[in-house]
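A quick write-up on the structure given underneath.
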Amino acid sequence: MLISFENPKTVHLALLPPLALYVHIPWCVRKCPYCDFNSHERSGTLPEAEYVEKLLLDLEGLLPSVWGRRLTSVFIGGGTPSLFSPASIDALLSGVRARLTLEPGAEVTLEANPGTVEAARFRGFREAGVNRISVGVQSFDDRMLARLGRIHSAGEARAAVDAALEAVGNVNLDIMYGLPGQDIPMVVSDLKAALNCGTPHVSAYQLTIEPNTVFWSRPPALPEHDACADMQLAVEEALGGAGYEHYETSAFAKPGRRCRHNLNYWEFGDYLGIGAGAHGKISFPDRVTRHERAKQPAEYLKGKAVVENREIPPGELAFEFMLNALRLVEGFPVALFEERTGLSLLTVKKELNKAEEDGLIERDWRRIRPSARGRLFLNELLERFLGDDRKDPG
């Protein structure tokens, strides 16, 4: 969608980015001790119909911001969205399609945890319009699953992945490494089990201890930093050797199976965020905005959804762009920075020069990418762009 602009002193976007929709369903069966997501243990029957109604009302409130734009993807995350019935997911997606146009072949992802689904539910999700499922396996070792507080077994994980593959084919498998008491042979064993599942996408994350989690207050003994670095290399070698493209810090995909929704995040695209605790980003010709929803499900259900709507200052835009785009192994086209932020690349010239001098990025006239060292020290690289003294060059 081409947009004209007149005031050269403001942030301007000549081309609006793709638009996606994120839907947050916050309930889970049990909160994992490492989880810092906005998830809440369910008690009793879930208010599925009422929550779907509030989600669609929330979406309606955002429609004036995106008139005429189409959705390229929908992602239903949580929590554990697979706790909702296929009928509720069908009502949700039908309501979305009644309010916004989806691009032909739009990617529609649902997160699911083993132990909360069976084959019939996966088929129901497919009939509702879900065409991609992300299964939170984390490990195929029952000892590791117990230490992570997971409620499923390795056998249930395999059964869930098989059912998802049968239902939709396009499946992501989440796996973690750097777990309490884990060593390299155990990681390799997990990777073999993951590869045997045959999913076209694997997300491999190192366990990190986050504030406001059980592990933060009672931290387990984790492998040393050097051991975790070796585990990361083992992950990259095993998945690369099996034909998976390493395209983002933690994401590996067979050719043509990259997650389009997440790519839109990393390429600083737009997305509507609805549901308790959801965040979103919307671009306009002269500004880029963020919105945030109330975290507590009870508050959200009372209709008090909006917590914040704010314009992102130009000085923060550069950092937010880099925070996403430098996660991509291939980096980003030089032109994309100006296209998605409305800022000249000169606003980060000093930071780019220093990062290149320190061997953290590689670049030419077409593309900027993190180096192998930059990928290993990604936080250090991103911190280079945190300065709050950056001004709009216009």
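The values are calculated or read from the model by the stated rules, or taken from the named source; none is laboratory data. All values reported here derive from a predicted model rather than from experimental measurement. Cβ placement follows ideal geometry from the backbone for every residue including glycine, while neighbour counts extend to all protein chains displayed. What goes into the accessible areas is simple: the full protein's heavy atoms, side chains included, and nothing from ligands, DNA or RNA. Shrake-Rupley method; radii C 1.70, N 1.55, O 1.52, S 1.80 Å.
Assorted remarks:
- Among Leu59, Leu46, Leu326, residue whose mean-square fluctuation peaks in a GNM of the chain (springs only between Cα atoms under 10 Å): Leu46
- Alpha carbon convex hull of the range 254-394, volume per residue in cubic angstrom: 142 Å³
- Counting only DSSP beta bridges whose two residues both lie in the range 151-289, roughly 60 percent are antiparallel.
- Applying a DSSP loop filter and a limit of 15 other Cβ atoms within 10 Å to the GluC sites (Glu not before Pro) in the range 194-275 leaves Glu224.
- With pairing defined as another cysteine C-beta under 4.7 Å, the cysteines of the chain that fail it are Cys28, Cys197, Cys228, Cys259.
- Among 133-144, 101-112, the order from most to least packed when residues are scored by Cβ within 10 Å on average: 133-144, 101-112
- For the pair Ala49 and Val306, label points projected 7 Å from Cα toward Cβ lie 2.9 nm apart.
- MRE, 222 nm, helices only [DSSP H, n ≥ 4, -39500 (n - 2.57), over the chain, to nearest 500]: -11000 deg cm²/dmol
- Ranked order, Thr213, Thr72 - accessible area, probe 1.4 Å, largest first: Thr72, Thr213
- In this calculation the C-beta distance from Arg99 to Glu299 is compared with R0 = 35 Å, giving a FRET efficiency of 0.90.
- Each Lys and Arg adds +1 at its Cβ and each Asp and Glu adds -1 at its Cβ; summed about the Cα centre, the chain shows a dipole of about 620 debye.
- In the chain, Cα pairs under 8 Å separated by at least six residues give a relative contact order of 18 percent.
- Computed with every protein chain present, the accessible area of Ser189 is close to 70 Å² [probe 1.4 Å].
- Of the three principal axes defined by the Cα atoms of the chain, the extents in descending order read 59, 49, 40 Å.
- The chain: antiparallel DSSP beta bridges as a percent of all, rounded to 5: 40 percent
- Within a Gaussian network of the chain (alpha carbon springs, distance under 10 Å), most fluctuating of Phe122, Phe84, Phe37: Phe37
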